[in-house]
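Chemist: Just passing along the structure, written as C-alpha cells.
What follows is calculated from the coordinates using simple rules that are stated; it is not laboratory data. Quick caveat: nothing in here was measured; it's all calculated off a predicted structure. Note: ideal-geometry Cβ built from the backbone for every residue, glycine included; neighbour counts use all protein chains shown.
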Amino acid sequence: MKKIFIIIAVSVMCFSFTGCKIYNKYKSQSQISPEIYGTTEDVMSAQTDSSIARLSWREFFTDPLLQKLIDSAIARNTDLNSARIAVEQSQASLKAAKLGYLPSISFAPSAGVNSFLNEGSLQPTWTYSLPLQINWDLDIFAVNTNQKRKAQAVLWQTQAHEQVVKANLISTVAQQYCMLQLLDRQLEILLFTDSIWNLSLETQRSLWENGKAYSTAVNQMENSYLNVKTQIVDVRRRIRGVENAICKLLAITPQHIARSCWNSYELPQRINTGVPAQLLSNRPDIQVADHALEEAFYNTQAARAAFYPKISLQGLLGWGNNAGIIPNPGALLLNALASLTQPIFAQGKLRANLKISKLTQEDMAQKYVQTVINAGNQVNEALADCQVAREKDTYYKRQVEVLQDAYTGTHELMDNGKASYLEVLTAQESLLSAQINEASNLYEGSRALIALYIALGGGGK
C-alpha cells in the first residue's frame, strides 16, 4: 500500500506543475458586436421587453387553424422526432460519462471437473472459483472530467439543434400556410375576373353579330378570357402542391388543408423587433455553433491529457475451493495493486491527435463567427423585406382603386360607343395584374415577417 501512495503523490506533484491546463473550463462565446445587424434603426430603437423575439409561436401565430397545423407538425414531423432521439442518445452518453468516475467490476465464475485414476477407477474432482475483479482509473489528469464535459457539450448541442429543427419547421409550416392563403386569394380574383370577362365576351359577340363590332375584337377578348382560364387551372394545381407539401411536413397522407380566408391578414404598421445584439446568442443555431466549439475545446483537452500518466487501481476479491484463488473458501482476499502507465513513444500519434484537435477547435471558432455574421445578415435582410412590403402595400392598394375606377369608366364608355374594346381589354388586364400583385406583396410581407421572427430567435418556445 505504501507504493500506491507514493505513485499517487508523484502523479499529483506532476499535475500541479504541468497539468493544470487540462482542467480548464470552456468559456462561452457570448460577446457579439452591437453592429451585427448593420445600420438598422428599427432594431435598436424599439423596446426590448416588447420584442417579437420574446413571443412564443402561439402568441405570434394567432390563427387557430395555423396553430393546429403547427401542433400536428411538432408532434409528427420525422425530422423533429429524429432530433429528439439524438437528444436522448446524448443524455445516455452523458450518463455513461458521469459513471466513468466509478470503478469497473467484472465477475467471471468458473467451474470444472478433473478425473484421476485412483485404485483402478476414475475419481472425479470438482473445482470452482468465484473471482470478483475491480479496476478503478484515478482521474488525476482529467481524462474522465474532459469526457464528461464533452458529453455535456454534445447534449447541449443536440438540444439546440432540436430547437433549430423546431423553429425551421414552424417557419416552413407558417409560410406554406400563408402561400395557401395567397393562392386562395389569387383563385378568388381569377374566378371573379373569369365571370366578368365572360360577360364582356358575350357582349362583344352580340355586338359582332349585330354588325357593331369587328371579329378581331371578339378574338382578342376570347384570348384574354382563355388566358384567365389557364391561370385558374395553374393556381388550383399549385394549391394541391402546397397542400401536399404541408402534409409531408405533418407526416400524413395527401389531403385538404383547412385554412382561414385571406381577409384575416394585414401587414402591421410597425414591426417592433427590439432585440439588442447581445440577445442574438439566444438563437438556437448560434448555440449549436457555440456548443460545437465547446466540444472541440474538450477534445483538445483530452488530446493534451493523453500525454500524462494513467493511474489505475486493480483489485481481486473472490473465493474458491482450490489454491488458484483463495486457499480458504471461507476467507475473503482483497489484492490491491496500483499501476502507472506513462506514454513515452506512440509513433507520433499523440502529437498528431493534439494538432488535429487544435485545428478542429480553430475551425469551429471560425464557423461560430460566420454563424453570428449570418444571423445578423438574416435579421437585416428580413427587416428590409418587411419594410419594402409595407411601403409597397400602400401603393398597390391605391393602384387597385385607380384601376378599378378606370375599368368601370372605360366599360361605360364602350357601352356608349365612346371607347374601343382595346381600351376595355387593357383596363381589365391592368386591374387583374394589380390585384394579383397586391396579394403577392402581402404574402411577401407575411413571409418576411415570419423570417424576421425566426431570425431574431423566436419559435423556440
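Chemist: FRET efficiency for Lys349 and Asn377, Cβ-Cβ distance as r, R0 = 41 Å, nearest 0.05?
Modeler: Given R0 = 41 Å and the Cβ-Cβ separation, E is 0.50.
Chemist: Students often get this wrong, so check it: of Lys150/Lys358; Lys95/Lys367; Lys392/Lys418; Lys150/Lys349; Lys98/Lys355, which have C-alpha atoms separated by over 24 Å? Provide the component values of the computation, followed by the final result.
Modeler: Working: Lys150/Lys358 15 Å; Lys95/Lys367 29 Å; Lys392/Lys418 34 Å; Lys150/Lys349 21 Å; Lys98/Lys355 27 Å.
Listed pairs above 24 Å: Lys95/Lys367; Lys392/Lys418; Lys98/Lys355.
Chemist: When ranked by the protection proxy of mean other Cβ atoms within 10 Å per residue, highest first, what sequence do the peptides 192-205, 148-161 form?
Modeler: 148-161, 192-205
Chemist: Calculate, for Ala92 and Glu391, the FRET efficiency according to 1/(1 + (r/R0)^6) with r their C-beta to C-beta distance and R0 51 Å; round to the nearest 0.05.
Modeler: Numbers: r = 53 Å, r/R0 = 1.03.
Efficiency at R0 = 51 Å is approximately 0.45.
Chemist: Which order, highest average first, do 57-67, 94-104, 367-377 follow once you tally other Cβ atoms within 10 Å for each residue and take the mean per peptide?
Modeler: 367-377, 57-67, 94-104
Chemist: Still on this structure: Equivalent-ellipsoid semi-axes (√(5λ), Cα gyration tensor) for region 391-433, whole Å, largest first?
Modeler: 23, 9, 5
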